[in-house]
Amino acid sequence: MKPSIPLILLLAVFLAFASFFYLNQISQTGIEAVNYANFSSPNDFRDYVGRAGYISPFYYYTVERGITVSSGLPSVTSPGFAEKGAEADRFSQTNVQVQGIDEPDIVKTDGKNIYISRTRIPYIVKIPYMQKTAVVKAYPPDELKKIGELNASGDLLVYRETVLVLSGSSIKAFSLRDFSEKYRVELNGTIAAARLYEGKVFLILSQHSEICPVIPMRVNGEPYIVECTRIYHPIKPVPVEAIYTVVKLDPENGKVEGSISFVGNYASVVYMSKNAVYVAYYLPMDYVRIMLNFSSENRDIFPEWFIQRLQKLEGYELSERAKQVEIFALIERIEMEMKPDERIVFENELRNRFEKYVERHAREIEKTAVWKISLEMKIVANGEFPGRLLNQFSMDEYSDHLRVATTLGRANAVYVLNKDLKIVGSLEGFGETERIYAVRFIADKGYVVTFRETDPFFVIDLSKPESPKMAGELKIPGFSSYLHPLKENLILGVGKEGSYVKLSLFDVSDPKNPVEIDKYLLKEYWSEVIGNHRAFLADEKYEVFFIPASSGYVFSYKEGLKLIRATETGFRAAFIGDYLYIIGSKIVVFDEKSWGKVAELEL
């Protein structure tokens, strides 16, 4: 009798989850960096992909995708891109990970106009679906009016007199002089991330390809070709799901100023510092090695022929996908030889023992690899570390070191890597039975939230990269999934407690004794900030912040948390001068000195 479908699915999930794992021992000094090379020819590319295979689709049932942390307090005031002659002396930037490195979002301002794209507005905001980007003259508020629209919608980047609209399949650049299209980039894959820094756009593109050269994009119809010799890979084959291309682009004319490509998978996490772009992805182990080690530890439930067959299979030059199919066939054979009651025992033992096996080996075998790309589009280093990342906030560069926070099985860890991406320091084993929900690195401190039933807020001392240590811990109800430094020693946590959105104000002036000095429960079931930091806005001058939900909320943090304004709708906010603009189905403008409403515009 063939095994039941649930067992086959269970085993697939087991193997996919275990595909994180390599059973190599990790020395106390860290993991040696993974060697890499470029492909020499199309045949070399095909051979590598054939040996490495592809990722099991069941992987995505077990891994939570990262969405896409600055060193120091981020500033939201950056007048550098204001149009010459703009009257406002300050205006907000999108809430970003690293100060000075802009990230795309659906609302932007240049200190004079506000640009509003309405394709990715949360479903809770009742606003008509549009394929346009509205251009609104915003400053001064008494001249608030719509002055034009761009014939595209998506995430936005604004540089000088150019607006880039990033959608799923293209990038369109528009002139702010007459709102005409300047150039267009058609994509053959997707945008994994994008950044704007020092007048250059850095695109991280991913595409599926089984042949090379690859063409990640076309600029005004002209293909941008990446030859095989410009695609890099780890020497030890890893399953290839995507080809990543990091492109350096001039935003004003679309000229490509350099690129680099390498293999990876769709679960990659992207972080950019002022020195480099980091692209991380998990390192899967071959399926045969997983099952061979597991079955060897559990010989009482596996027949000897099964173990012997795995030993032979390990030496075959087959793709990982083919080996996985063979393992499923061997499991089917085991169950076919069993009586119904024996099969029930086997399935239950398999599930429970494998879970314990994962727990025992997690710190030794679960790994993530990372590529480090210079801003000149050269590979600087690549390396690896135990565990898996939550999102872009799980990585941070500070004083020539990369700090990463990872979940390892049923515990968590922070690792410090040097400029060559070799581990030089680690703190492991905190938050047992819980996983990371939020991370923020600020200078020589790390703040990590884990969650299962309570919300441990950990303060980690990173002043000595070779010996990170736990400084303090606070346990409170609920969880935070986004941490934002409001000012020195004051951190806001945004998450949930029970069914409601929770705001927590943490005083970290004493790292050994972090304190939740205030909290506020909103009568809201969700806020976009929980999963998207770009929806958040803080104005340090007036010590207020904006958070969207089904309504738009403005809080003061001068003395604890105080709700000072709410609007019926509001998915983003921006400030220009001393005015706060809340954007929803309409724009509502408040004077931040008095909090009186001074203007309103229906969209």
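Here are the numbers for this structure:
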| item | result |
| --- | --- |
| Only listed residue being over 22 Å from the mean Cα position of the chain (by Cα), surrounded by 20 or more Cβ atoms within 10 Å (Cβ to Cβ) and at pLDDT 95 or above, chosen from L490, L522, L505, L483 | L522 |
| Output for the range 457-477, where each listed residue is more than 15 Å from I517 (Cα to Cα) and in contact with a Lys or Arg (Cβ under 9 Å, 6 or more places away or on another chain) | V459, I460, D461, L462, S463, P465, P468, A471, G472 |
| Condition broken by E186, with the remaining ones in (1) surrounded by 19 or more Cβ atoms within 10 Å (Cβ to Cβ); (2) farther than 19 Å from S268 by Cβ satisfied | (1) |
| Any hit, the range 553-570, residues being within 25 Å of D102 (Cβ to Cβ), touching a Phe, Trp or Tyr at 6+ places or on another chain (Cβ under 6 Å) and in a loop (DSSP other than H, G, I, E, B) | no |
| Only one of R403, R435 that is surrounded by 22 or more Cβ atoms within 10 Å (Cβ to Cβ), basic (K, R) and either out of contact with any Gly (no Cβ under 7 Å at 6 or more places or on another chain) or at negative phi (or both) | R403 |
| Residues within the range 513-548 that are closer than 16 Å to G478 by Cβ, hydrophobic (A, V, I, L, M, F, W, C) and assigned to a loop (DSSP other than H, G, I, E, B), tallied | 1 |
| Residue in the range 410-425 that is aliphatic (A, V, I, L, M), surrounded by fewer than 23 Cβ atoms within 10 Å (Cβ to Cβ) and either in contact with a His (Cβ under 7 Å, 6 or more places away or on another chain) or at pLDDT below 95 (or both) present | yes |
| Qualifying positions in the range 118-151 - at pLDDT below 95 and surrounded by 20 or more Cβ atoms within 10 Å (Cβ to Cβ) | R118, I121, V125 |
| Residue under evaluation A267, criteria (1) surrounded by fewer than 18 Cβ atoms within 10 Å (Cβ to Cβ); (2) at pLDDT below 95; (3) closer than 18 Å to Y278 by Cα, criterion not met | (1) |
| Failed criterion for I373 (all others in (1) closer than 24 Å to V529 by Cα; (2) in a strand (DSSP E or B); (3) among the hydrophobic types (A, V, I, L, M, F, W, C) hold) | (1) |
| I215 vs. criteria touching a Cys at 6+ places or on another chain (Cβ under 7 Å) and among the hydrophobic types (A, V, I, L, M, F, W, C) | no |
| Which numbered condition S556 misses (of (1) more than 29 Å from D444 (Cα to Cα); (2) of a type in the set (S, T, N, Q); (3) surrounded by fewer than 18 Cβ atoms within 10 Å (Cβ to Cβ)) | (1) |
| Pick from the range 364-400, criterion surrounded by fewer than 17 Cβ atoms within 10 Å (Cβ to Cβ) and in contact with a Gly (Cβ under 9 Å, 6 or more places away or on another chain), ranking: farthest from E466 (Cα to Cα) | E376 |
| Test result for E428, touching a strand residue (DSSP E or B) at 6+ places or on another chain (Cβ under 8 Å) and over 18 Å from L283 (Cα atoms) | yes |
| Residue, farthest from D300 (Cα to Cα), within the range 337-360, restricted to residues that are hydrophobic (A, V, I, L, M, F, W, C) and touching a helix residue (DSSP H, G or I) at 6+ places or on another chain (Cβ under 9 Å) | V358 |
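For (1) within 18 Å of T245 (Cβ to Cβ); (2) under 24 Å from the mean Cα position of the chain (by Cα); (3) surrounded by 16 or more Cβ atoms within 10 Å (Cβ to Cβ), each residue gets a yes or a no:
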site: R177; (1), (2), (3): no, no, no
site: A192; (1), (2), (3): yes, yes, yes
site: G199; (1), (2), (3): no, yes, no
site: F202; (1), (2), (3): yes, yes, yes
site: P216; (1), (2), (3): yes, yes, yes
site: G221; (1), (2), (3): no, no, no
site: V226; (1), (2), (3): yes, no, yes
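The values are calculated or read from the model by the stated rules, or taken from the named source; none is laboratory data. On a predicted model such as this, the values are computed, not experimentally measured, just so you know. No Cβ is skipped: glycine too gets one built from the backbone with ideal geometry, and neighbour counts run over all protein chains shown.
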